[in-house]
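What follows is a short report on a single structure.
Quick note: the coordinates plus some simple rules give every number you see, no bench work behind them. Note that the structure is predicted; figures quoted are calculated from it, not measured. FYI the Cβ positions are ideal-geometry reconstructions off the backbone, even for glycines, and counts take in every protein chain you see.
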Amino acid sequence: MDFLALLKGVEDGKKLERTEFLNDQILRNALPSHIAFNFGSRNEPFSHLCPSVGILCAKLGRPGDWVGEFGFDRLNRLVCEIDQRLGQLSESSRLEKVRTSHCFYTAACGILPELAKNVHDAPCTIGEQLSSLAELAQFIQDLAESEALDIAIGMDCGSALSVVVGGG
C-alpha cells in the first residue's frame, strides 16, 4: 500500500512539473522574457519606463487567409520564419518579440531594462536598433509579398511606459 502511494506521489509530481513547464512556456510566448521571468513572483503590477523604444506592428493577410488547418499551418510557418529572422537580427541589435496574436506580429527594440539605459552608447545605439527593426519590417513585407498576402506594417519610436497587471 505504501509503495502504491509513493508511486502515485511520484506520478503526480511529474504531472505538476510538466504543467508548470507548459505554463511557463505559454507565459513566455505571451510576454517579453524579462517580464515573463518575474511575472509569477510579483504581487504588484510590473512597470518599466523606457526612454527610447522602437515598435513594429505587422498584420499578415486577412482573417480569411488563415481558415482551416492549411491556413493555420501556413500562418505558423510564416511566424516561425519571422521569429528566425528576428533571432538573427537580435544577436547584434537587441530586438525582442513582444507578442504574436493570430495574424498580428509585434516586435520592439530598447525595451530590455538592463539595456534601455545604454541605447545612446555604442556598440548598439537606438538608431542601429531602429535600423534593424526596419530591416525586419522589410523582411516581413517581402515574405508577405512572396506569399501573395496583404500586409500592413506600422513602426514608431519614442519613450514608452510598459505595464503588466496580474501575476502572484
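Odds and ends about this structure:
- Förster radius 30 Å - calculated FRET efficiency between A5 and Q84, Cβ distance, rounded to 0.05: 0.05
- Spacing of the two label points (7 Å from each Cα toward its C-beta) at A134 and V163, in nm: 3.3
- Added length on full extension, which subtracts the Cα-Cα distance from 0.36 nm per residue, R62 to E20: 11.7 nm
- Sorted on the mean count of surrounding Cβ atoms within 10 Å across their residues, most packed first, peptides 82-91, 19-28, 153-162, 52-61 read 52-61, 82-91, 153-162, 19-28.
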